Amino acid sequence: MNALYTILLLLASNIFMTLAWYGHLKLQQTGVSSNWPLIGVITFSWCIAFFEYCCQVPANRIGFIDNGGPFTLVQLKVIQEVVSLIVFAGIANLLFQGQSLHWNHFAAFVCLILAVYFVFMK
């Protein structure tokens, strides 16, 4: 059950992270934040990033093997990176319609899947 909670929290964390890092670009495209000073954009992003940390830290605590979780530190990091890229690809395609995925992106995803396989291999 800890594995499921960890992955769900990492998923939520990465949704917030992606919106914090790239959401302001969409707001700028739509004209909402075009006139915001850089400090305003940073503050906006940090307000979103707060929720990312509220999910990320518990995910790592719950999932870490020394805390009774099922994952080693390396496994947690690889899972987080894979989730991060999957979430990014989804949000980029939703928010930035002109940013399509190409064959090399899918090849990179296959490499990530292989990375997960090798990290979990005994």
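Full extension from ILE65 to LEU95: what is 0.36 nm times the residue separation minus their Cα-Cα distance, to one decimal in nm? Kindly include the intermediate steps, with their values, before the conclusion.
Values: separation 30, 0.36 × 30 = 10.80 nm, distance 3.62 nm.
Residue separation times 0.36 nm, minus the Cα-Cα distance, leaves 7.2 nm.
Over the chain, give the accessible area per residue in Å² for a 1.4 Å probe, as an integer. It would help to have the intermediate numbers written out before the result.
Values: 8000 Å² over 122 residues.
For the chain, the solvent-accessible area averages 66 Å² per residue.
Separation of segment 74-93 and segment 1-70 by C-alpha centroid, Å? Between the Cα centres of segment 74-93 and segment 1-70 lies a distance of 12 Å. Kirkwood radius for segment 11-63, taken over all pairs of different Cα atoms as the inverse mean of 1/r, rounds to 11.6 Å.
Expressed per residue, the C-alpha convex hull volume of the chain stands at 108 Å³. Ordered by solvent-accessible area of protein heavy atoms (1.4 Å probe), largest first, the residues TYR5, TYR22, TYR117 come out as TYR117, TYR5, TYR22.
Protein heavy-atom surface of the chain, 1.4 angstrom probe: 73% of the accessible area is carbon and sulfur, with nucleic acids and ligands not counted. In sequence order, segment 37-53 has phi-based couplings of x, 4, 5, x, 5, 4, 4, 4, 5, 5, 5, 6, 4, 3, 6, 4, 5 Hz under the Karplus curve 6.51 cos²θ - 1.76 cosθ + 1.60, θ = phi - 60°, and Gly or Pro positions carry x.
Please tell me the relative contact order of segment 18-119 in percent, rounded to the nearest whole number, where contacts are Cα pairs under 8 Å and at least six residues apart.
On the way: 54 pairs, mean separation 23.8, N = 102.
Once divided by the residue count of segment 18-119, the mean separation gives 23 percent.
The listed residues LEU112, LEU25 rank as LEU25, LEU112 when sorted by accessible area, largest first, using a 1.4 Å probe.
Peptides 9-17, 38-46 ranked from most to least packed give 9-17, 38-46, packing being the mean of other C-beta atoms within 10 angstrom over each peptide's residues.
The values are calculated or read from the model by the stated rules, or taken from the named source; none is laboratory data. Keep in mind that this is a model prediction, so the values were computed, not measured. Ideal geometry is used to build each Cβ from the backbone, glycine not excepted, and the neighbour counts take in all protein chains shown. All accessible areas refer to the heavy atoms of the entire protein, side chains included, with ligands and DNA or RNA removed. Shrake-Rupley method; radii C 1.70, N 1.55, O 1.52, S 1.80 Å.
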